[in-house]
Amino acid sequence: KLPIVLVVQEIFGVHEYIRDVCRRFAHQGYLAIAPELFFRQGDPRTLQNIPDILQNIVAKVPDAQVMADLDACAAWAAAQGGDAERLAITGFCWGGRIVWLYAAHNPALKAGVAWYGRLTGTASTLTPRHPLDVAGALHAPVLGLYGGQDQGIPVADVEQMKAALAAARS
């Protein structure tokens, strides 16, 4: 049985780089899946700029829908012969945030890697919690990869997340 890895897209959807990440995982012996998590809200490839993508698609995607879709992908992969006991997730930017949330959501998860992604935010009906809110509820270890000069994710947020994770371990 192949270990399963869920690959979560950026705001731009499942573009060629995300598909290539799946291919590279597959070449290493994983059953890799990159679901189109925005398909109910729209195709970001049809929009011309980031503000339009954020407003017209990303802002309309409920976290509960994303968690359910990822659970469905994991179940599908297991039904296709994937090893449900070796489930991992990785995600980029928007998907990095989702990695943290999924690590708190799915007790079967074994590991996650978040390639940046917001750690804090304003709670809403569609996005009720953010990674900092779930730091004490993770079911699996998550490697968070953040850049010190990234203007979109302040170093202070990363430090706050590190402190919350340390507090959860003690």
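The values are calculated or read from the model by the stated rules, or taken from the named source; none is laboratory data. Fair warning: this is a prediction, and the values are worked out from it, not measured in the lab. Methodologically, a virtual Cβ is constructed for each residue, glycine included, from the backbone with ideal geometry; neighbour enumeration extends over all protein chains shown. What goes into the accessible areas is simple: the full protein's heavy atoms, side chains included, and nothing from ligands, DNA or RNA. Shrake-Rupley method; radii C 1.70, N 1.55, O 1.52, S 1.80 Å.
Okay, here's what the table says:
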read-out: Proximal aspartates and glutamates relative to Lys162, as straight alpha-carbon distance under 15 Å, when same-chain residues fewer than 8 apart are discounted; value: Asp133
read-out: Gaussian network model of the chain, springs between alpha carbon atoms under 10 Å - residue of Pro131, Pro51, Pro141 with greatest fluctuation; value: Pro51
read-out: Linear extension gain, Asp20 paired with Thr125, 0.36 nm per residue minus alpha-carbon span; value: 34.5 nm
read-out: Portion, in percent, of the accessible area of the chain that falls on carbon or sulfur, probe 1.4 Å; value: 58
read-out: Identified option (computed Cα extents along the principal axes in Å; candidates (1) 46, 42, 30; (2) 37, 34, 33; (3) 71, 30, 27); value: (1)
read-out: Dimensions (Å) - the stretch 57-98, Cα atoms, principal axes, largest first; value: 34, 17, 12
read-out: Alpha-carbon centroid distance for the pair the stretch 52-68 / the stretch 76-139, whole angstrom; value: 15
read-out: GNM flexibility winner over the chain from Leu31, Leu138, Leu126 (Cα, springs under 10 Å); value: Leu126
read-out: Most mobile listed residue (Val66, Val21, Val142) in the chain, GNM with C-alpha springs under 10 Å; value: Val21
read-out: Sparse-neighbour loop sites [GluC sites (Glu not before Pro); the stretch 1-71; at most 16 other C-beta within 10 Å; DSSP]; value: Glu36
read-out: Cα-based Rg and Dmax for the stretch 88-170, where Dmax is the largest Cα-Cα distance (Å); value: 11.7, 34
read-out: Total charge dipole magnitude, the chain, about the Cα centre, Cβ charges on Lys, Arg, Asp, Glu only, Debye to nearest 20; value: 280
read-out: Heavy-atom accessible area per residue - the chain, 1.4 Å, Å²; value: 51
read-out: Convex hull of the stretch 76-119 built on C-alpha atoms - directionally averaged projected area, nm²; value: 3.1
read-out: 13 Å beta-carbon shell around Gln160, net charge (K/R +1, D/E -1); value: -1
